[in-house]
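Just so it is clear, none of the values below were taken in a lab; they were calculated from the coordinates. Quick caveat: nothing in here was measured; it's all calculated off a predicted structure. Cβ placement follows ideal geometry from the backbone for every residue including glycine, while neighbour counts extend to all protein chains displayed.
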Amino acid sequence: MAYSVPDLGYAFDALEPHIDAKTMEIHHDKHHAAYVTNLNAALEDTGIGDQPIEQLIANLDQVPDDKRTAVRNNGGGHANHTLFWEIMAPGGASEPSGAVASAIEGLGGLDTVKEAVNDAGVKRFGSGWAWVVRAGDGVEITSTPNQDSPVMDGKTPILGIDVWEHAYYLNYQNRRPDYLAAWWNVVNWDVVGAKFDAAKG
Ligand code: MN
């Protein structure tokens, strides 16, 4: 069974003015689709493509040597973008609550976490992601290059922000910090909280 791009579940313009409709359309329908197409092509005839994407990328040593880089990049891209669309779904809580809120308090509170995530995103040279991952009863902030995922290091992301230029260039051009600042307006904290609750501590 091949991997497929999940439906966005909301309109391309649902995150405006923070993320514009054209960026969302190209990002979901072209960029994410390309990762999935390339992932499926790399996995053809390997017999390992029938498992949850997180399980696949958590165990890259199961991938044949000549396919590993393609699976790492495109499998990571598939997993990362799937999470990204989910945590931006409109209509959820605009502030954390419950266990994830306590975890964030443990790092000094939401403003401190936002600042640290934004800092990680700004300092990520080239393309990559900034993350909040579950760590025990708390959370940690990290970043990855390219389409690498914290899952590849045995960690479970609960929030991630795409800092590839394709995620913001139409609206923000070179102003990555402005994109990062605006992005927090579209976070669905109900989804992030559910991911925290479901994650292994
Ligand atoms: Mn992207």
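Listed here are the residues, each with its yes/no results for (1) exposed (fewer than 13 other Cβ atoms within 10 Å of the Cβ); (2) without any contact (Cβ under 8 Å) to a residue 60 or more places away in the chain; (3) within 13 Å of the ligand (Cβ to nearest atom); (4) more than 21 Å from T23 (Cβ to Cβ).
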{"position": "P52", "(1), (2), (3), (4)": "yes, yes, no, yes"}
{"position": "L60", "(1), (2), (3), (4)": "no, no, no, yes"}
{"position": "V71", "(1), (2), (3), (4)": "no, yes, no, yes"}
{"position": "G77", "(1), (2), (3), (4)": "no, no, yes, no"}
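Residues that are of a type in the set (D, E, K, R) and either part of a helix (DSSP H, G or I) or closer than 16 Å to F125 by Cβ (or both) within region 172-197 comprise R176, D178, D190, K195, D197, listed in sequence order.
Can you confirm whether region 156-171 contains a residue that is away from the ligand (no atom under 16 Å from the Cβ), surrounded by fewer than 21 Cβ atoms within 10 Å (Cβ to Cβ) and either without any contact (Cβ under 8 Å) to a residue 12 or more places away in the chain or in a helix (DSSP H, G or I) (or both)? Checked against the condition, which is being away from the ligand (no atom under 16 Å from the Cβ), surrounded by fewer than 21 Cβ atoms within 10 Å (Cβ to Cβ) and either without any contact (Cβ under 8 Å) to a residue 12 or more places away in the chain or in a helix (DSSP H, G or I) (or both), region 156-171 yields no hits at all. Of the numbered criteria (1) surrounded by 15 or more Cβ atoms within 10 Å (Cβ to Cβ); (2) part of a helix (DSSP H, G or I); (3) away from the ligand (no atom under 16 Å from the Cβ), the one S102 fails is (1). The single condition among (1) more than 13 Å from the ligand (Cβ to nearest atom); (2) under 16 Å from the mean Cα position of the chain (by Cα) that Y35 does not meet is (1).
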